[in-house]
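Here's the structure, in structure tokens; my notes come after.
Laboratory data are not the source of any read-out in this text; all were calculated from the coordinates shown. This one's a predicted model, so the numbers in the text were calculated from it and none came from an experiment. Here Cβ is always computed from backbone atoms with ideal geometry, including for glycine, and neighbour counts include all displayed protein chains.
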Amino acid sequence: MVIHVGAAPQPFSGSALYLDGQTAGLRPATLRVDETVGALVILTAGLAPVVWPLTEIRSLPDQADPDLMVLTRLGDPVARMIVEDAETMRLLRARCRDLRRRSRPRGLGRLALWAVAAVASVALIVMVLVPLLANRLADHLPPEGEAALGDASLQQIRVALDRTGIDPLPVCENPQGLAALDALVARLVANVALPSALQVTVLDHPMVNAFALPGGRVVLFRGLIAAAGGGDEVAAVLAHEIGHVAARDPTRIALRTAGSIGVLGLLLGDFAGGTVVLFLTERMIQASYTREAESAADDFALALLDAAGTAPGALARFFERLAEQGGTPPDILRHFLSHPTLGDRIAKADATAAPGATNPALAPAQWAALQGICGDAKPITAQ
């Protein structure tokens, strides 16, 4: 029931352009209000009268022409009414009290469920399916493909670590130093079969670090050789990385990282793959393997050092000395400290080794040559 206070309002009359959304073209329309039902009646030639309840009429915001009023009805996504007459606009604003009211979007619960399902699907792909596929591919990747992956990764690392912006990070190639390094590698791998021919590269960078790459590549930094107290310590670090090469861990982590970031790159719009390259470079340098992979590399390294007649406790002494120097731990120390069983295992092996059963990994002259593999590198006296 409608109660009027005072004089009865003048009958509503207005004009507009109506688009029903079913037929093409705007139709001139005459507007009137049916007071008995509280609705706007839209009369157009050739169409049946259209009734819009006043409480369901809404204005569309952000119109290009502020002199126009564009109206729609709740529940009808296509019909539109365009009002150009100023008096009609005034009357509609007075009668349609909810004209600017914004309705709560429908289907938010369903949208939230779809969003959760999408996130769960991506998590399943990145955390389960990609690692499983990477493990399978690593076991069946041809040696040529694995070597190409390692070469590409090394090149990206050299470019990423170069601070000049001109050339990639230099590779240390002093002939005497390379001869000493080759002798050390030959001694370690003399009695072991590796999936790929081992290639050890020294990069001219002060970082105290070492890591393995796909295709049998192991990278040492000048900073690690300079910080080492002798050839035995370099041999111990190298033996651990060779353990990762033997298990093809670098190939798995490269495929896993590239696959995971590739999926995220597609979702976030990184079609060029720049994020993949940068993140893969960082992961290869940090070389964060699983505890199982680290334990297997430990066992392999201890066996390798024992077969080569080299002291297995050299790695523990290396880390202990670096930790005693204080300050920010070097990258390689932070990496190995994330696997606390490693130091205990090597220290135990060193404690149980028979006295006099080991020989230096390198002769004094060879060790001096290895320290100068980068030409102008200066040895650091052990503290």
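Note on Asp67 and Ala179: the model spin-label points, each 7 Å out from Cα along the C-beta direction, lie 9.2 nm apart. Each label point was placed 7 Å from the Cα along the Cα-to-Cβ direction; for Ser295 and Arg97 their separation is 7.3 nm.
Multiply the residue gap between Arg90 and Val37 by 0.36 nm, knock off their C-alpha separation, and tell me the result in nm, one decimal place.
Details: separation 53, 0.36 × 53 = 19.08 nm, distance 2.09 nm.
Going from the current span to full extension adds 17.0 nm.
Quick one: grab the alpha carbon gyration tensor of the range 14-95, order the square roots of its eigenvalues as a ≥ b ≥ c, and give me rounded if a/c is under 1.5, else prolate or oblate depending on whether a/b is larger than b/c. Since a/c stays below 1.5, the shape of the range 14-95 is classed as rounded.
Find out how many positive minus negative residues lie around Thr44, taking Lys and Arg as positive, Asp and Glu as negative, among other residues whose Cβ is under 9 Å from that of Thr44. It would help to have the intermediate numbers written out before the result.
Numbers: positive: Arg27; negative: Asp20.
Here the count lands on 0.
Cβ crowding within 10 Å ranks Ser15, Ser196 as Ser15, Ser196, fewest other Cβ atoms first.
Can you give the net charge of the other residues whose Cβ lies under 11 Å from the Cβ of Gly215, counting K and R as +1 and D and E as -1?
On the way: positive: Arg217, Arg248; negative: Glu144, Glu146, Asp151.
The answer is -1.
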